[in-house]
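Novice: Below is the structure I would like to discuss, written out as structure tokens.
Read-outs: derived from the displayed coordinates by stated rules, not from any lab. Keep in mind it's a predicted model, so treat the numbers as computed, not measured. Cβ placement follows ideal geometry from the backbone for every residue including glycine, while neighbour counts extend to all protein chains displayed.
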Amino acid sequence: MSSPTKNVIGRVERVRFPSLGVKGVPAKIDTGADASSIWCSKIELVDSQLHCTFFGKDSPFYNGKTIIFDKKDVDLTRIANSFGHSELRYKIKIPMEIRGRTIKATFTLTDRSTKLYPVLIGRSMLRNKFVVDVSRGTPLHEEEDERQKRLRKEMRRMRKELNL
């Protein structure tokens, strides 16, 4: 019995969210994370519905639209980071297109305004669908380089302040 062919994806892929009306969103592929997350700048529970505004005003993917999910289509989950800090997050399912394949993807909703990539794709979405080749994909090279320069500069300043 042969297993289905798995698509090969890179460490960053451009994805499309038809129900949100956005395409070309850079998504970081993170095999160390179990859950996937998407930037949601406004989340409100109104009666039996979850009102969401995806991305933020500074994002090229922001359109200001409020997407409404019925309570039956929303769940809660606890997300823990590598430092042991955990938080409760809303969890939704929306269609996502990646490398020509459309899947019903589960995302937690969180503020990713300080992150370079507005979408993070974790292991649970990758499992049995994709294989990751870190030499592939469409990373934001210039933005990554600029972020690294800022971090190195900050570390030099901190070392100097601490006389290290």
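Novice: Say whether the condition of being basic (Lys, Arg), out of contact with any Leu (no Cβ under 8 Å at 6 or more places or on another chain) and touching a residue at least 60 places away in the same chain (Cβ under 8 Å) is met by at least one residue in the stretch 139-155.
Specialist: Filtering the stretch 139-155 for residues basic (Lys, Arg) gives 147, 149-150, 152-153.
Then drop every residue that is not out of contact with any Leu (no Cβ under 8 Å at 6 or more places or on another chain), which leaves 149-150, 152-153.
Filter again for touching a residue at least 60 places away in the same chain (Cβ under 8 Å), leaving none.
There is no residue in the stretch 139-155 that is basic (Lys, Arg), out of contact with any Leu (no Cβ under 8 Å at 6 or more places or on another chain) and touching a residue at least 60 places away in the same chain (Cβ under 8 Å).
Novice: So, in the stretch 113-150, how many residues would count as being closer than 18 Å to Ile38 by Cβ and part of a strand (DSSP E or B)?
Specialist: Within the stretch 113-150, residues that are closer than 18 Å to Ile38 by Cβ and part of a strand (DSSP E or B) number 4.
Novice: Sort through Lys23, Lys72 and tell me the only one that's charged (D, E, K, R), under 17 Å from the mean Cα position of the chain (by Cα) and over 24 Å from Arg127 (Cβ atoms).
Specialist: Lys23
Novice: Going by the structure shown, is Glu97 without any contact (Cβ under 8 Å) to a residue 12 or more places away in the chain and not β-branched (Val, Ile, Thr)?
Specialist: Spelling it out, it is not the case that Glu97 is without any contact (Cβ under 8 Å) to a residue 12 or more places away in the chain and not β-branched (Val, Ile, Thr).
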